[in-house]
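Written below as structure tokens is the structure these notes are about.
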Amino acid sequence: MRRMLKRAVVLLLGLASLLATLHVARAAIPGIRGTQAVSSQLTWLRRVNPRAAPEMQRLFPEGEFFQWALSGLAAGRLARDGVDPADNLALLEEAIAATGASQVVDRFGAGDPLPHGAFYHGWRLLLLVDRAALTGDPAQRAEVETEARRILTALQADPLPASYPGRAWPCDVVVALAAAHRAAGLVELPGLPAVTRQWFAAVETHRDPSGLLIHRRGGDVARGSSQAIIQAFLPDIDPVRAAREWRVFKEQFVVSELGLVGVREYPRGVADDGDVDSGPLVAGVSASASAVTLAAARRNGDLELAKVLDREADLLGLPLPMGSGAAFALGLMPVGDAFVAWARSAPLGAALDVPSPQPWFWLFWLLALVPGVVALWMCRRRIAGLVALRRPGSAGRREECQHIKDGASEPGGSVMNETTVGR
């Protein structure tokens, strides 16, 4: 029984080492994941979103909205790139309907000038722009124009309109302004350039010492969770400014910790606790900020960092087949899949030549081999015996063993024979 248990343990350790090695090998494949990876995630999200969105709302303040909006934006991007346009447009339409449902909209009441706040109006306009671009429907274009003009009017009245009553985040306003700039590719927005210049001038007093926008109105420091969003959408508004701020962001927030590349929630030299915006912090790094930075790296043309974060998403997310699609973390956190699918679908900007830290993939190779090494150690005596039999001079020992076995079959040649005669 004990020997059988030991063999089972050895087998399990060997299998674990093999699977871990294959997983690290898959994650370590260089390059940027393409539309096939996004399509696989969307296949799964399309199936689970109706159930998952309410569940995510119980965990995050914008969980249900983000579950639908990010899935819809990823689908819209694929459709605009000609990838399964009918199916992806259908998912985009489903996302627009879900984010327009009363139980979702009512969570974002903030009053005038934006009835449901900067966060809601900005992200929803992104969805409406993609749909109108795909269908060309005049009524949908008119809806895009109405929403974009509403945002521009709000920014003229207040450069930081609230997302929730009395609370404003600059990152939400950047998304809204970027959505208006995308809308300008479909409809006439003659006041957009002037509003954009006025807005940048007005928010100069809302920057931290590094020159980055603060996390929240009334605060005094930039944070990774909001800066990642800002850096993902700033190229839509002002590509030159975006390239300049991207370098500052990387210097302040992108780090290598515990063998991995990630994004700090607080700038270098600042230590604080995580909250609902950042999620739990490990060595000061925010997983959510790191995921969103994948989109920011792609939009800013930082292909080196995008490759690193893409590979780490596979390494840490443990993507597994789920029916005809694929899901991270055993499908337990669907909003994370939505974030990664959206980030991976972000258009690539003009390539920037900026250095990026690299993960220690060699460390994960070693960790993957540990169970196998333990299994070999448990079998060390058996292995040593096999090795000894193959050494020079071992032939005589093998012949001697065979001679003893042969003698056992002759009358009187073994204990067994003598016992048998005695009987």
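All but one of (1) modelled with pLDDT of 85 or more; (2) under 26 Å from Leu303 (Cβ atoms); (3) surrounded by 19 or more Cβ atoms within 10 Å (Cβ to Cβ) hold for Ala27, so report the exception by its number.
Looking at each condition in turn, Ala27 falls short on (1).
Just a yes or no: is a residue in region 156-169 part of a helix (DSSP H, G or I) and either among the basic types (Lys, Arg) or in contact with a strand residue (DSSP E or B) (Cβ under 8 Å, 6 or more places away or on another chain) (or both)?
no
Kindly indicate whether Pro170 is touching a residue at least 60 places away in the same chain (Cβ under 8 Å), surrounded by fewer than 18 Cβ atoms within 10 Å (Cβ to Cβ) and within 29 Å of the chain's Cα centre (by Cα).
no
Return the pair list, or none, for Cβ contacts closer than 6 Å from residues in region 341-370 that are under 17 Å from Leu234 (Cα atoms) and of a type in the set (Ser, Thr, Tyr) to residues that are surrounded by 14 or more Cβ atoms within 10 Å (Cβ to Cβ) and modelled with pLDDT under 95, at least 6 apart or on different chains.
Listed by first residue and then by second, the contacts come to Ser345/Val38.
Hey, can you tell me all the residues within region 241-253 that are under 14 Å from Leu305 (Cα atoms) and out of contact with any strand residue (DSSP E or B) (no Cβ under 6 Å at 6 or more places or on another chain)?
Selection gives Trp246, Arg247, Phe249, Lys250, Glu251.
Please count how many residues of region 42-55 are within 16 Å of the chain's Cα centre (by Cα) and surrounded by fewer than 17 Cβ atoms within 10 Å (Cβ to Cβ).
Qualifying residue count, region 42-55: 0.
Looking only at region 255-278, decide whether some residue is touching a residue at least 24 places away in the same chain (Cβ under 8 Å), in contact with a strand residue (DSSP E or B) (Cβ under 9 Å, 6 or more places away or on another chain) and in a helix (DSSP H, G or I).
No, because not a single residue in region 255-278 is touching a residue at least 24 places away in the same chain (Cβ under 8 Å), in contact with a strand residue (DSSP E or B) (Cβ under 9 Å, 6 or more places away or on another chain) and in a helix (DSSP H, G or I).
Output the residue which, of all residues in region 192-237 that are in contact (Cβ under 8 Å) with a residue 40 or more places away in the chain and loosely packed, with under 15 Cβ neighbours inside 10 Å, is nearest to Thr153 (Cα to Cα).
Gln198
With Val255, Val263 as the choices, which residue is more than 27 Å from Pro61 (Cα to Cα), among the aliphatic types (A, V, I, L, M) and within 22 Å of the chain's Cα centre (by Cα)?
On inspection, the qualifying residue turns out to be Val255.
Take Ala222 and tell me if it is modelled with pLDDT of 95 or more and more than 30 Å from the chain's Cα centre (by Cα).
Taking the combined requirement at face value, the residue does not satisfy it.
Would you please name the residue that is nearest to Leu234 (Cα to Cα), looking only at residues in region 270-290 that are within 12 Å of the chain's Cα centre (by Cα) and surrounded by fewer than 24 Cβ atoms within 10 Å (Cβ to Cβ)?
Ser288
Name the residue, out of Val105, Val48, that is free of Cβ contacts under 8 Å to residues at least 24 places away in the same chain, part of a helix (DSSP H, G or I) and either touching a Ser or Thr at 6+ places or on another chain (Cβ under 9 Å) or over 12 Å from Ala341 (Cβ atoms) (or both). Spell out the reasoning first.
On the way: Val48 fails: free of Cβ contacts under 8 Å to residues at least 24 places away in the same chain.
The match here is Val105.
Would you confirm whether any residue within region 223-246 is closer than 13 Å to Val174 by Cα and aromatic (Phe, Trp, Tyr)?
Yes, region 223-246 contains at least one residue that is closer than 13 Å to Val174 by Cα and aromatic (Phe, Trp, Tyr).
For region 56-75: of the residues being in contact (Cβ under 8 Å) with a residue 24 or more places away in the chain, assigned to a helix (DSSP H, G or I) and more than 17 Å from the chain's Cα centre (by Cα), which is nearest to Leu92 (Cα to Cα)?
Per the stated criteria, the residue is Phe65.
Yes/no per residue for (1) modelled with pLDDT of 95 or more; (2) crowded, with 17+ Cβ neighbours inside 10 Å; (3) charged (D, E, K, R):
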| position | (1), (2), (3) |
| --- | --- |
| Val10 | no, yes, no |
| Ala16 | no, no, no |
| Ser40 | no, yes, no |
| Ala69 | yes, yes, no |
| Ala74 | yes, yes, no |
| Leu92 | yes, yes, no |
| Ala97 | yes, no, no |
| Val105 | no, no, no |
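Listed residues Arg149, Arg182, Arg141; which is surrounded by fewer than 18 Cβ atoms within 10 Å (Cβ to Cβ) and either part of a helix (DSSP H, G or I) or out of contact with any Lys or Arg (no Cβ under 7 Å at 6 or more places or on another chain) (or both)?
When all the criteria are applied, what remains is Arg149.
Has region 328-335 got any residue that is touching a Ser or Thr at 6+ places or on another chain (Cβ under 7 Å), over 26 Å from Pro355 (Cβ atoms), surrounded by fewer than 24 Cβ atoms within 10 Å (Cβ to Cβ) and not β-branched (Val, Ile, Thr)?
no
Which condition from (1) surrounded by fewer than 17 Cβ atoms within 10 Å (Cβ to Cβ); (2) in a loop (DSSP other than H, G, I, E, B); (3) touching a strand residue (DSSP E or B) at 6+ places or on another chain (Cβ under 8 Å) is the one that Ala350 breaks?
(3)
The values are calculated or read from the model by the stated rules, or taken from the named source; none is laboratory data. Note that the coordinates shown come from a computational prediction; the quantities given were computed from them, not determined experimentally. Please note: Cβ atoms are built from the backbone with ideal geometry, for glycine as well, and neighbour counts cover all protein chains shown.
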